[in-house]
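Here's the structure we're looking at; comments come further down.
Any read-out appearing in this document is the output of simple, stated calculations on the displayed coordinates, not a laboratory observation. Everything quoted here is computed from the prediction, not taken from an experiment. Here the Cβ positions follow ideal geometry from the backbone for every residue, glycine too, while neighbour counts run over all protein chains shown.
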Amino acid sequence: MTTTATRRQTSDEKTPSTGAFTVAHSDLVDALKTLALPATGRKQLPVFSRALATVRPGQVELTTFDFDVAATVTLPATGTTTGRMLLDHPSLTKVLSAAVKGTTKAIADRLDVTVTTPDHTPVVHIGGYSLPLDDTIAVDTFPHLPLTTAPTYVAAREIFSTLVERVTPAADRGITLPILTGINTVLDKGSMTLTATDRYRLASGTIPVNGTTTEKVLIPASVLAKLLPRLTSAQVRLGVDVIAGTTWFTLADDTTTVQIRTLDGEYPTVSSILEQTPTRTVTVPRSQLLQAATRAASLTAAVTTSKNSPVTLTVTSDALTLAPATHGDPTKVTAPALQATVTGETDVWTTGANPAFLLAAIATLTADEVTLHLTDPSRPMVLTDAGDIDYRHVLMPVRLAS
């Protein structure tokens, strides 16, 4: 959805902190954890370390924003006096922790925290202590949030979180190709597909959602992976807005709203890899495959200088073997064979795989059995839960030494 950005007018006079509220200690501590990513990330401007508290009757809305990510948490509050104040996020976090030192969690959870603004200075009151926070930054210096619309897609939070956890390991962590640090997200009227790749592996999965339009965005993987677990409602709402040429992704539940600046760029086309027709499939118990991959990786690290030297996968008509790498003669290396159900071609098939990537791929699968979908040894291999291709993890082959 494309919207037009408008900015609230500000006067030349600096706005001081005003208002007051009381909230549960445990609620405020939890909210500050959610707000921590924008507040402790970029350090170019001091205001990035501040949380804007907007006090309304019966509630307080806490927000952090660093121009890339905005996080807002709404808490029930008592003793409210309407106003807006800037709270030093790191200092407030430390005060709340220090004030309950030596007490049990049960006692700490029963404490209330009151914040007032005498002389326009935020003061924290907890457990008989009163401590002022820094007040050198005026309220109106806090950046304006993007004026996104209400999210229109709805997804089950646990299902969405699980898929994000599964695809995130395949996202790039470098800075050479920024678009590969994102999760390519395609929202449709009835489904959402997430895809991540670092060029050496690829993960993609689809889950059901309720929506009304089709959108495609590239969400920073590290940001989504850190913030999504902070949401707790059974369902989450998702939205996409284009504001002044910038695309924002909104993620919200009953108490928390996160707005994420998406990445620019054209994501690589991966459909030909995901949709390749296998010439054979190999199905093995997941626990046995994980054990074999773990031992092959450990033995490789023990006998080579690089723990990522490729392990050798060999498929016969009824078995799969994972052999460790070696600096010596590879023909002298043997490994136990795993009994497997093999369909399609039955001639001997051999390729190499990065052991760390193979272990990470197996870790994202959840069924009792895993199926490897294979074509040519020089082509990518696809791993799925047996009988389920809604989630696919792809590994690029690694050339084996002659």
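Expressed in nm to one decimal, what extension gain is obtained for the pair Ala337 and Ala302 from 0.36 nm per residue of sequence separation less their Cα-Cα distance?
Between Ala337 and Ala302, full extension yields 10.5 nm more.
Run the dipole for the range 247-338 about the Cα centre, Lys and Arg Cβ at +1, Asp and Glu Cβ at -1, nothing else charged, and hand back the magnitude in debye, nearest 20.
For the range 247-338, the charge dipole is close to 500 debye.
Hey, what angle do you get for helix 157-167 against the long axis of the chain, alpha-carbon based, 0 to 90 degrees rounded to 10?
Tilt of helix 157-167: around 50 degrees.
Enumerate by residue number the trypsin sites (Lys or Arg not before Pro) in the range 61-158 meeting two conditions: DSSP loop (anything except H, G, I, E, B), and at most 12 other Cβ atoms within 10 Å of the site's Cβ. The partial results should precede the final answer.
Details: sites: Arg84, Lys94, Lys101, Lys105, Arg110, Arg157; in loops: Lys101, Arg110.
The qualifying sites are Lys101, Arg110.
Express in nm, to one decimal, how much length is gained between Ile159 and Thr176 on full extension, taking 0.36 nm for each residue of separation and deducting their alpha carbon distance.
Using 0.36 nm per residue and subtracting the Cα-Cα distance, I get 3.0 nm.
R0 = 41 Å: FRET efficiency of Gln44 with Leu274, Cβ-based, nearest 0.05?
E between Gln44 and Leu274, to the nearest 0.05, is 0.55.
Can you sort Leu227, Leu359 so the residue with the fewest Cβ neighbours within 10 Å comes first? Don't skip to the answer; put the middle values down first.
Numbers: Leu227 20, Leu359 16.
The most exposed by this proxy come first: Leu359, Leu227.
Quick one: putting +1 on the C-beta of Lys and Arg, -1 on the C-beta of Asp and Glu, what dipole do you get for the chain around its Cα centre, in Debye to the nearest 20?
My answer is approximately 620 debye.
Among Thr279, Thr371, Leu289, which residue has its Cα furthest toward the positive end of the charge dipole of the range 276-395, with +1 on Lys/Arg Cβ and -1 on Asp/Glu Cβ?
Among Thr279, Thr371, Leu289, the one farthest towards the positive end of the dipole of the range 276-395 is Leu289.
Toward the positive end of the charge dipole of the chain, about the Cα centre and with charges on Cβ (Lys, Arg +1; Asp, Glu -1), which of Leu62, Pro46, Ala24 goes farthest?
Pro46
Calculate, for Gln288 and Ser191, the FRET efficiency according to 1/(1 + (r/R0)^6) with r their C-beta to C-beta distance and R0 25 Å; round to the nearest 0.05.
The value I calculate is 0.15.
Pairing the Cα long axis of helix 25-34 with the longest principal axis of the chain, what angle in degrees results, from 0 to 90 and rounded to the nearest 10?
50
From Cα pairs below 8 angstrom and at least 6 apart in sequence, can you work out the relative contact order of the range 34-152, rounded to a whole percent?
Computed value for the range 34-152: 21 percent relative contact order.
Give the aspartates and glutamates whose C-alpha is closer than 13 Å to that of Lys14, dropping any in the same chain fewer than 8 places away, or say none.
Asp135, Asp140
With each label point set 7 Å from Cα along the Cα-Cβ vector, what nm distance links Arg295 and Thr212?
5.8
Please list, ordered by chain and number, the residues whose modelled amide H lies under 5 Å from the amide H of Ala340; skip anything fewer than 5 residues away on the same chain.
Ala319, Leu320
Could you calculate the FRET efficiency of Asp388 with Lys14 from 1/(1 + (r/R0)^6), where r is the beta carbon distance between them and R0 is 45 Å, rounded to 0.05?
Calculated transfer efficiency: 0.20.
Give the relative contact order (percent, whole number) for the chain; include only Cα pairs under 8 Å separated by 6+ residues.
Across the chain, relative contact order equals 13 percent.
Just from its helices, what would the mean residue ellipticity at 222 nm be for the chain, if runs of 4 or more DSSP H residues each count -39500 (n - 2.57) and the sum is divided by every residue, rounded to the nearest 500 deg cm²/dmol?
-5500 deg cm²/dmol
Can you tell me the relative contact order of the range 78-223? Whole percent, Cα pairs under 8 Å, sequence separation 6 or more.
Relative contact order comes out at 17 percent.
Multiply the residue separation of Ser222 and Ala138 by 0.36 nm, subtract the distance between their alpha-carbon atoms, and state the gained length in nm to one decimal.
Separation in residues times 0.36 nm, less the Cα-Cα distance, equals 27.1 nm.
Give Lys33/Lys105; Lys105/Lys226; Lys189/Lys226 a once-over and call out the pairs whose C-alpha atoms are over 21 Å from each other.
Beyond 21 Å: Lys105/Lys226; Lys189/Lys226.
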